[in-house]
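Reviewing the structure listed below.
The values are calculated or read from the model by the stated rules, or taken from the named source; none is laboratory data. Source: prediction; values computed, not measured. Note that each Cβ is placed from the backbone with ideal geometry, even for glycine, and that neighbours are counted across all protein chains shown.
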Amino acid sequence: MSRQLEQEMEDRSNKRHAAIIRAVEFELANVLQSAGRDLTGIAVKLYPGECLLVLKAANGEGAEVCFVGAEDFGGTLIKAVRECRQDKLRWKADEYGGQS
């Protein structure tokens, strides 16, 4: 493998790690708040080769829930932030009232 290719792979990995850290520390809550929702909880279900992230939020009218899936936990966080920014998350009423 050429050094240039190794550097590109390393740069991509570093960019991904930075995006995951931003999502965890502030970005996910901030983009949800910008969309009119307050993050109230997160649940994670891990399976071999896939991860399901359950986002719970309050929108002023009641509790809502949204599901985001990807190959791994970091990918679900990045995808959740990206899809919220693009207004692609599909929310529905939380039938369990916010209980995990």
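Listed here are the residues, each with its yes/no results for (1) surrounded by 13 or more Cβ atoms within 10 Å (Cβ to Cβ); (2) part of a loop (DSSP other than H, G, I, E, B).
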{"residue": "Met1", "(1), (2)": "no, yes"}
{"residue": "Met9", "(1), (2)": "no, no"}
{"residue": "Arg16", "(1), (2)": "yes, no"}
{"residue": "Ile21", "(1), (2)": "yes, no"}
{"residue": "Glu27", "(1), (2)": "yes, no"}
{"residue": "Val44", "(1), (2)": "no, no"}
{"residue": "Cys51", "(1), (2)": "yes, no"}
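A quick yes/no check of all residues on (1) out of contact with any His (no Cβ under 8 Å at 6 or more places or on another chain); (2) at pLDDT 95 or above; (3) assigned to a loop (DSSP other than H, G, I, E, B):
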residue: Glu6; (1), (2), (3): yes, no, no
residue: Val24; (1), (2), (3): yes, no, no
residue: Glu61; (1), (2), (3): yes, no, yes
residue: Val65; (1), (2), (3): yes, yes, no
residue: Thr76; (1), (2), (3): yes, yes, no
residue: Ala80; (1), (2), (3): yes, yes, no
residue: Arg90; (1), (2), (3): yes, yes, yes
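Return yes when Ser100 is at pLDDT 90 or above, among the hydroxyl-bearing types (Ser, Thr, Tyr) and loosely packed, with under 15 Cβ neighbours inside 10 Å and no when it is not. Full working, then the answer.
Working: at pLDDT 90 or above: no; among the hydroxyl-bearing types (Ser, Thr, Tyr): yes; loosely packed, with under 15 Cβ neighbours inside 10 Å: yes.
So Ser100 does not fit the description; no.
If we scan region 73-88, do we find a residue that is in contact with a Cys (Cβ under 7 Å, 6 or more places away or on another chain) and more than 17 Å from Ile21 (Cα to Cα)?
No, region 73-88 contains no residue that is in contact with a Cys (Cβ under 7 Å, 6 or more places away or on another chain) and more than 17 Å from Ile21 (Cα to Cα).
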